[in-house]
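Inspection log for the structure reproduced underneath, given as structure tokens.
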Amino acid sequence: MSPTPSNGRPRGARTIVTIAAASLLASAQARAQADTPAGTQTAPPAAAADQAAPAAKDDFWTRDKLLGDLGGVRTNLEAHGLEIDLVETDEVWGNVSGGIQKGAVYDGQTLLTVKLDTEKAFGWHGGTFNVSAMNIRGRNLSTDNLLVLQTNSGINALATTRFWEIWYEQSFLDDKMSVKLGQQSIDNEFMTSTGSATFLNTMMGWPMIPSADLYAGGPAYPLSSLGIRLKAQPTDNLTLLTGVFQDNPPGGQFYNDSQLLGSTRWGGNFNLRTGALFISEAQYTINQPSDGQLAKPGESQGYPGTYKLGFWIDTAAFPSQQFDNGGVSLASPDSNGIPAYYRNNFSIYAVADQVVWRPQEGPQEVALFARIMGAPGDRNLINFSTNAGATLKAPLPNRDDDVFGVGFGFTTLSGGARNYDKAFNFYNGTFIPVRSSETFIEITYQFKATGWWTIQPDFQYFFTPGGGLQNPNNPSKSVGNAAVFGLRSVVTF
């Protein structure tokens, strides 16, 4: 008699069932192979795919974080709504010509971000809580060697360790609207360009006009300000952003206070003593792929693009570039040295990102970007700035995630600043250069070494640094045109 297992089914019967099932499976696979065109690979069974996915996700060279899933810790935390990101950025820069001296520097940044999804954490739909902190270190080539306006590195700042952003965002109306409240760095949402983000020069991130004309550069990296931001998406193609923020993150009484003033050193300053910064932006997209998927070969779909138009208004008082509060030129020996102040400041800007070429198959893509803005010249150092360029994705065979870019930036000193230089020469009998404009070009290559490590060599060349600034080491000349080489490493842990 055949032994009977605990479930009561005879082993012989189970064997017959197993053989029959195997035969049916083999027959089905044979039919599938017969129906598959030559050279076409069939998809793996679901079970095999499920087993392959975790292995691929945790492959050391392709995973997106160096430490991977940490034995399931990340997955478990994310299941409970908690996401922790640690990004290490290190750079070396050197100018081989120009500036006021030649040399090389190191700078770096460590950024820790913690996000909580309230729905996963405790069932509250649409909520996100964000806290970030950073350590900034190293020297600044732009201030030490170059004396340029459009600084070479977007991460370089005064050395410190501080909180950066602390905010809560709540979405509603089927995620068509959201409100964000707290300490915010507005360069993460306003005036952004997808194409310019490839580049390393500061102005490719936070542009020249707000960097030079707002108090301490405004609520943008490495600072943030208390404020509220509203976002609405009335149609699939149109997004509206508007917000009001503290205009002066350091909170001091002077126009351009240090990034380390008072409690700004640790990132918790709440200044309400100068003015409010109002900013609004409309974003319009065209030819966006549905569900993030590109059109298949042969399908008709135009190239995607994003166009933005915005403005900001600051209600604070801003100093004249030319006159004191008695109407006398600030360059005159008779001036009391106290500038006249103008109530309110503003700027209008436009941003465009447009893909212009894609092959029928393959990852390559050529995209163009441009950003332009202006501001009044009587109360601002800079009254016009623009940057533009082109990027090529997958420029080399088998380098699908690499990006090559060529771009430039151009900015002009305001009429008030130029008139001050002319008046200074008149009253002092000198012939110092009258500042005019500054231009840089940048050539860069993002090399995706692994899923978690990006290496980026970079070259920048600056024409008329500082707008033609007088060389403090040689007053008879302007600061020389500068050739700068750099290398950035970004590791995501």
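For this structure, a couple of remarks:
- Among (1) assigned to a strand (DSSP E or B); (2) among the hydrophobic types (A, V, I, L, M, F, W, C); (3) touching a residue at least 40 places away in the same chain (Cβ under 8 Å) - the single one Phe424 does not satisfy: (1)
- Count of segment 451-478 residues which are more than 30 Å from Leu66 (Cα to Cα) and among the aromatic types (Phe, Trp, Tyr): 3
- Flag for Thr386 being buried (at least 18 other Cβ atoms within 10 Å of the Cβ) and under 19 Å from Phe346 (Cα atoms): yes
- Just so you know, in segment 129-170 the residues that are over 17 Å from the mean Cα position of the chain (by Cα), modelled with pLDDT of 95 or more and of a type in the set (Gly, Ala, Ser) include one that is farthest from Leu112 (Cα to Cα), and it is Ser142.
- Selection of segment 330-383 for residues being surrounded by 20 or more Cβ atoms within 10 Å (Cβ to Cβ), among the polar types (S, T, N, Q) and outside any strand (DSSP E or B) yields only Asn380.
- Within segment 409-424, no residue satisfies the criterion of being surrounded by fewer than 19 Cβ atoms within 10 Å (Cβ to Cβ) and in contact with a Phe, Trp or Tyr (Cβ under 6 Å, 6 or more places away or on another chain).
- Options Gly292, Gly298, Gly305: the member that is farther than 30 Å from Gly337 by Cα and at pLDDT 95 or above: Gly305
- Residue within segment 467-489 that is free of Cβ contacts under 8 Å to residues at least 60 places away in the same chain and of a type in the set (Phe, Trp, Tyr) present: no
The values are calculated or read from the model by the stated rules, or taken from the named source; none is laboratory data. No experiment lies behind these values; they were computed from the predicted model shown. Cβ atoms come from the backbone with ideal geometry, glycine included; neighbour counts cover every protein chain shown.
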